[in-house]
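Below is one structure, written out as structure tokens; comments come after it.
FYI, it's all coordinate maths here, none of it is from the lab. Bear in mind the structure is a predicted one, so any value in this text is a computation, not a measurement. No Cβ is skipped: glycine too gets one built from the backbone with ideal geometry, and neighbour counts run over all protein chains shown.
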Amino acid sequence: MSAKKSSFNHPKFGQIVIVRNARARRIILRARPDAIYITLPIAAGRQQAMDALQKYGEKLQQQRTNITRHIDFNYSIDAPLFKLRLKAIESGRFYMKREGEEFILLCPTETDFYDSSRQQWLQKSIKNRLRACAGEYLPARLQRLSADSQLKFGKLSIRDSHSRWGSCNSRGDISLSIYLMLLPQELIDYVLLHELCHTKEMNHGERFWQLLEKLTNGQAKELRSRLKGYRTDI
Ligand SMILES: [Zn+2]
């Protein structure tokens, strides 16, 4: 909504993106693969952002390096709904194939996995596949849960969102992250039901949680805390 972005390169902590957000109540720092993001309330000064960065920068930078998983022949994704691994081929070109439940990305043995453009290309290929799977699975699943719970939604969009698993606006339009495909089924359902509940209750008040607890057989809070152990990235 009313967010303003600016970015710069910090000598010690690299790329920094400052987001001024009218709705932010406090300073929030997040490590993402591309930068450290600092969300500032409108009233906060740039110095406060710098102070927070001094204090937490080192830790965030550490997190950042862990975020982007290096992709090579040891890389694999083994989520219930999305499985992928790399396999070496003697010669020829890169290609993706499906073997049963699993996607296999075939790469020539001489592939230079330390080449950063090669890493980017591999990430993009994996994300494309994840997006395609999300596009096949999520609309039908949301439709199903919507019918079962009698909670109607507006439009559905599926995005490469790192910041949220899902969201719902005041028109009842729901947006879902492609990274949901990396979660166990019950956590995917939790996020979908959470967003469906927002079509009735726009906030996280008592009535919202009552509804969500009802739809998750009293598991909502537990599912919510389990969700915190997962990341929105490949
Ligand atoms: Zn919510």
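Remark on region 76-132: hydrodynamic radius 11.9 angstrom, per the Kirkwood mean of 1/r across alpha carbon pairs. Coordinate range of the alpha-carbon atoms in region 134-227 per principal axis, descending: 31, 29, 25 Å.
In this structure, the amide hydrogen of ALA79, modeled 1.01 Å from its nitrogen in the peptide plane, lies closer than 5 angstrom to those of LEU84, counting only residues at least 5 positions away or on a different chain.
A Gaussian network model of the chain, with springs between Cα atoms under 10 Å, assigns the largest mean-square fluctuation among ILE16, ILE71, ILE174 to ILE16.
Top mean-square fluctuation among ARG85, ARG118, ARG159, Gaussian network model of the chain, C-alpha springs under 10 Å? In the Gaussian network model the winner is ARG118. Listed by chain and number, the lysines whose C-alpha is less than 22 Å from the C-alpha of LYS200, apart from same-chain residues fewer than 8 away, are LYS152, LYS155, LYS214, LYS221. The dipole here belongs to region 134-227: it is taken about the Cα centre, uses +1 on the Cβ of Lys and Arg and -1 on the Cβ of Asp and Glu, and is about 180 debye. GNM remark for the chain: springs join alpha carbons under 10 Å apart, and the peak mean-square fluctuation among GLY92, GLY166, GLY57 falls on GLY92. Under the combined filter of DSSP loop state and at most 10 neighbouring Cβ atoms within 10 Å, region 58-154 retains these GluC sites (Glu not before Pro): GLU90, GLU101, GLU110.
Could you name the aspartates and glutamates in cross-link range of LYS124, using Cα to Cα under 19 Å and dropping any fewer than eight places away on the same chain? Straight-line reach from LYS124, under 19 Å: ASP34, ASP72, ASP78, GLU102, ASP112, ASP115, GLU136, ASP160, ASP233. If you take the alpha carbon atoms of the chain and fit the smallest convex hull around them, that volume is 146 Å³ per residue.
Does region 3-67 come out rounded, prolate or oblate, given a ≥ b ≥ c as the square roots of the eigenvalues of its C-alpha gyration tensor, rounded meaning a/c under 1.5 and, failing that, prolate meaning a/b above b/c? Note, shape of region 3-67 comes out prolate.
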